[in-house]
Amino acid sequence: MKFGGTSVEDDAAIQRVADIVLNRVEERPVVVVSALAGVTDSLLAMSRAAASGSVDEALQSLRKLRRRHLTVLNALVEGPAEAVAREQVQTLLDCLQDMLRGVAALGELSPRTNDNVLSTGELLSSRIVSTVLKARGIHSELVDSRRCILTDASHTKAVPLFDQTSERLHDQVKPLLQANRIPVMGGFIGATAQGVPTTLGRGGSDFSAAIVGAALNAQRIEIWTDVEGMMTTDPRLCPQAQRINVIGFDEASELAYFGAKVLHPATLIPAVEKNIPVYVLNSRQPANKGTCIRARAPRSRTTFRAIAAKTGIKVINVKSPRVLMAHGLLRRLFETFELHSCTTDLVSTSEASISVALDPSCDATGLVQDLQKLGEVEVENSKAIVCLVGKGIHGRVGIAASVFKTVAAANVNVHMISQGASEINISFVVEEDDVPKVVQALHRHFFEAKGSALADNLHAARTKLRVPLRDQEHSCQEVG
């Protein structure tokens, strides 16, 4: 059971977490928690302020952080347990203060030190949640993730060492479950084999939960957040978004990669390998069924399963002299991307020119300088990728035409087009400012229109099978 930042943001949220865990005690859960909402961003801002010489600003932010955590603890626990936990929280924050002073003295923030600073958020939240569960009569046990989740030394985006991690989890966590105790761990954090703290990258708490679930052969992995589940699109872009009951691993992975913020893109990798279903649930409405992600899902009642949008995209156009043929250009281009650790989202090629949509995390400054050795380079900023995902498009004639006719009717210009190799997505690049308009138009057409795929499919089925429409509607409801 993984609880995100908004699910542990304050005393009321943590009280809800305790209620949810209490209802799962008989199933022997492992609890993985993120830092309190906003804490990781605050820690990052503190460390950068200290590195730039603004140590007073950093320490002032630390004082606010200290008050917040102690206030939450004081509201939920009392007596000797509160005093013990308070001392432990104070110790963690004192260590953080020492780190910030050290960063200020050096005037430098290394990736290794950054991981040390950022790990404090999960160390604090897991300590508080474990203490609160005990206060509620739940036999919880705090487990330091840095002793279980082993990674390489790629600080700020460490890669888990799955075999060694599995051994550690079996040694340290499984005995607790066998003794009917509830392990509580911080997500997002790990350590090298030498014990140096690392982090798995932003959103890595989901990944942590999936790693733990896969290693322990869990019955299921639950991702508790502040939304009803996975939606047909981002409700902030389109209020008419609908909850998805069941979705396949492959579809969910595409959506997560292309901007669906409910899941970290890497979350499903361990679950897929062990075929463990993943549930996305709402900690504010625990009775809600949420979304089930599994290997096989019923065919969607609509053409697409969902629409995702990924903003902050840069499009880089490279035009090379014709003497450098396409195969040479591609090889050199991707060698350059690898040199700068840049992830490409979409690629469009011709004989001597290539357009590439880059992940927002990529720093394009040095990349562009090296690409200019290959030819003329143009950078287009403030772009976005819109991605429509669904197995229903495989082998269907006219789907792409319907998509781009709808986009054109919304008066939106398309810069790049790609149909994924998996044949379950259609992606294209638009201006970032056009995202709400194009997503709303596509959602209206494919998910809200009266003449949607559901009605068409029912009509076709009735004609072919001679089954009364009422009976078909009942069958359709049964399969979700």
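Among 267, 291, which is the only one that is buried (at least 19 other Cβ atoms within 10 Å of the Cβ), touching a Gly at 6+ places or on another chain (Cβ under 6 Å), within 30 Å of residue 14 (Cα to Cα) and of a type outside the set (Lys, Arg)? Break it down into steps so the answer makes sense when it comes.
On the way: 267 fails: touching a Gly at 6+ places or on another chain (Cβ under 6 Å).
So the residue among 267, 291 that is buried (at least 19 other Cβ atoms within 10 Å of the Cβ), touching a Gly at 6+ places or on another chain (Cβ under 6 Å), within 30 Å of residue 14 (Cα to Cα) and of a type outside the set (Lys, Arg) is 291.
List the number of the failed condition for residue 104; all other conditions in (1) on the phi > 0 side of the Ramachandran plot; (2) assigned to a helix (DSSP H, G or I) hold.
(1)
Regarding segment 236-256, can at least one residue be identified that is surrounded by 17 or more Cβ atoms within 10 Å (Cβ to Cβ), touching a Leu at 6+ places or on another chain (Cβ under 9 Å), assigned to a strand (DSSP E or B) and not assigned by TED's automatic domain parsing to the domain that holds residue 360?
yes
State all residues of segment 140-173 that are assigned to a strand (DSSP E or B) and within 21 Å of the chain's Cα centre (by Cα); if no residue qualifies, say none.
From segment 140-173, those assigned to a strand (DSSP E or B) are 140-143, 150-151, 160; that's our starting set.
Selection gives 150, 151, 160.
From 172, 164, which residue is out of contact with any Lys or Arg (no Cβ under 8 Å at 6 or more places or on another chain) and not hydrophobic (A, V, I, L, M, F, W, C)?
On the way: 172 fails: out of contact with any Lys or Arg (no Cβ under 8 Å at 6 or more places or on another chain).
Unique residue meeting the criteria: 164.
May I ask you to verify whether residue 61 is at pLDDT 95 or above, hydroxyl-bearing (Ser, Thr, Tyr) and more than 25 Å from residue 142 (Cβ to Cβ)?
Spelling it out, residue 61 is indeed at pLDDT 95 or above, hydroxyl-bearing (Ser, Thr, Tyr) and more than 25 Å from residue 142 (Cβ to Cβ).
Among (1) in contact with a Lys or Arg (Cβ under 8 Å, 6 or more places away or on another chain); (2) outside any loop (DSSP other than H, G, I, E, B), where does residue 195 come up short?
(2)
Scan 375, 366, 392, 398 and give me the residue that is without any contact (Cβ under 8 Å) to a residue 12 or more places away in the chain and not aliphatic (A, V, I, L, M). Show your work before the answer.
Numbers: 375 fails: without any contact (Cβ under 8 Å) to a residue 12 or more places away in the chain; 366 fails: without any contact (Cβ under 8 Å) to a residue 12 or more places away in the chain; 392 fails: without any contact (Cβ under 8 Å) to a residue 12 or more places away in the chain.
So the residue among 375, 366, 392, 398 that is without any contact (Cβ under 8 Å) to a residue 12 or more places away in the chain and not aliphatic (A, V, I, L, M) is 398.
May I ask you to say which residue of 454, 388 is modelled with pLDDT under 95 and part of a strand (DSSP E or B)?
Working: 454 fails: part of a strand (DSSP E or B).
So the residue among 454, 388 that is modelled with pLDDT under 95 and part of a strand (DSSP E or B) is 388.
The values are calculated or read from the model by the stated rules, or taken from the named source; none is laboratory data. These figures come from a predicted structure and were not determined experimentally. All Cβ positions, glycine included, derive from the backbone under ideal geometry; neighbour counts span all protein chains shown.
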